[in-house]
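The values are calculated or read from the model by the stated rules, or taken from the named source; none is laboratory data. Quick caveat: nothing in here was measured; it's all calculated off a predicted structure. When we count neighbours, we look across all protein chains shown, and the Cβ atoms used for this are built from the backbone with ideal geometry, even at glycine. In case anyone asks, the SASA skips ligands and DNA or RNA and just uses the protein heavy atoms, side chains included. Shrake-Rupley method; radii C 1.70, N 1.55, O 1.52, S 1.80 Å.
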Amino acid sequence: SPFAPFCACPLLWSQWGRLRAAVYVLMGTCANPGLNPLLAEAISALNQAECKAIILQCNAGRESSSSIFHDSIVGEDVLPAGGFVVVVSKVLDSVLAAAKAGRLTEQQLSDESHSCIQALGSSMNSVFSAMATPSPEAVAHIDPRPTLAEAWYLAMKSLASLFSAAPQAMYNSEATKQLAVESFVLFIRFLLSREIEEGGRKSVHAAGMSLDGPQTLSMLDFMDLMLSFGPKILELTPLYLQKDIAVDSPQIRQANATPLPPALIGGAIIASALFRGSSGVLPPWAVEGYPRLFSSFFVACGKSPDFFCQVLCLACDLHLANSQAFGGLHPGQKLAGRYFDNLSLVARESFISQSREICNRDNEPSWRRFKVAVKQACGGKKKASGFNQKPAVTVWECDRV
């Protein structure tokens, strides 16, 4: 283990766990209502140190033991990994609540959230590196990546919520745009890079962090909010993905003279990733949230049934360019997954026709029908998949410790 020098003493482990919890509570108490710059700097330093330890542990392998990542220090009864990110999330929620109650002006809202944004910005690369380590799900220690991911996407939702009334303001700031869009695109990368097991079953040996936990609820909630802000995220997605993923399709090749709009390609990439999720990358309980998610996706498409159906048509054909692989996605393979290789023309036309009808109705029952149509296109119900039941969200209260 990379942490063998840490004294293997249960009493010290318990004290370390209580110290982490005490620092977490203290930092939250010091907010007034935002973070002062010194506190933001301390949170950033703690996040970076924790992520460095996570990377070292993951590099040691899923069967490595740990003197840090176990119940006494990061278990559910103390403070899970990612706790110091949650401090920022809770502070942002408090700042927004104060603004909604009329206790902060718009300028004060911006000022009070500034240090939070700085803390998240300086932590982002470390957090992303830790979440994206390729080690499979841990078996000999608590895998810290899921709670870190849950914490990060809670913070991203809190950040984006500041701009619910005026989403364009989020994109006008380079700092908030980078945080929000990079986090959105990271989730797309997670979905596209996972292999789809036969029958949509869960693989315990799959590379990377498990998506079978509350972290996926947090990711989907953030994605839902970003899509509800309108088409800008569709336009930016291919731009932020272009260094990792090159896509192709018959439609793209036929449009050489007049390239397809970035929003169309971005929308198709997002739809493909969600189709891949329904094909077996995501647990079945996560797909139950698709009605609300695709309702927001329709908003991102400008509530245009024609454009929404164009996006779905392109998503059915979009494949990885022949020049490169991306995780479990191999050159020439469809982003949406193997079930779309065998999707007949009749089934495809029926899917698009149903989608258009659902868009025209645009109500809760119709979007529930859309989830059923997506499941059918993605290989039907996944029986005995090996995934867990829908999880409870992590409890981040540490006063009891």
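Observations
- Structure note, pairs Lys177/Lys371; Lys243/Lys371; Lys232/Lys381; Lys90/Lys381; Lys303/Lys371; Lys334/Lys371: Cα-Cα distances above 26 angstrom occur for Lys177/Lys371; Lys243/Lys371; Lys232/Lys381; Lys90/Lys381.
- 1.4 Å probe accessible area per residue over the chain, in Å²: 43
- Carbon/sulfur fraction of accessible area - the chain, other protein chains in place, 1.4 Å, %: 54
- 0 to 90° range, to nearest 10: angle between helix 305-317 axis and the chain longest Cα axis: 80
- Sparsely packed trypsin sites (Lys or Arg not before Pro) within the stretch 14-67, loop by DSSP, other Cβ within 10 Å at most 16: Arg62
- In a reduced charge model with +1 at each Lys and Arg Cβ and -1 at each Asp and Glu Cβ, the stretch 170-275 shows a dipole moment near 140 debye about its Cα centre.
- Top positive-direction residue, dipole computed over the chain with Cβ charges, set Pro259, His141, Met226: Pro259
- Within the stretch 212-313, the trypsin sites (Lys or Arg not before Pro) that combine a DSSP coil assignment with at most 10 other C-beta atoms in a 10 angstrom radius are Lys243.
- Taking the Cα centre of the chain as reference, the dipole from Cβ charges on Lys and Arg (+1) and Asp and Glu (-1) amounts to some 820 debye.
- Each of Glu106 and His330 was given a label point 7 Å from its Cα along the Cα-to-Cβ line. The distance between the two points is 5.4 nm.
- Spin-label model, Glu349/Ala97: points 7 Å from Cα along the beta carbon direction are separated by 5.6 nm.
- Helical runs (DSSP H, four residues minimum) scored at -39500 (n - 2.57) apiece and divided by the length of the chain put the mean residue ellipticity at 222 nm at -19000 deg cm²/dmol.
- C-alpha long axis of helix 345-361 to longest principal axis of the chain, angle in °: 70
- Build a GNM of the chain with springs between Cα atoms under 10 Å apart, and of Gly386, Gly82, Gly266 the one that fluctuates most is Gly386.
- Top positive-direction residue, dipole computed over the chain with Cβ charges, set Ala60, Pro284, Ala207: Pro284
- If only the Cβ of Lys and Arg carry +1 and only the Cβ of Asp and Glu carry -1, the dipole of the stretch 320-383 around its Cα centre is close to 340 debye.
- Tilt relative to the chain, helix 83-100 - C-alpha long axis, 0 to 90 degrees, to 10: 70
- Sparse-neighbourhood loop sites, GluC sites (Glu not before Pro) in the stretch 61-109 - DSSP loop, at most 12 other Cβ within 10 angstrom: Glu63, Glu76
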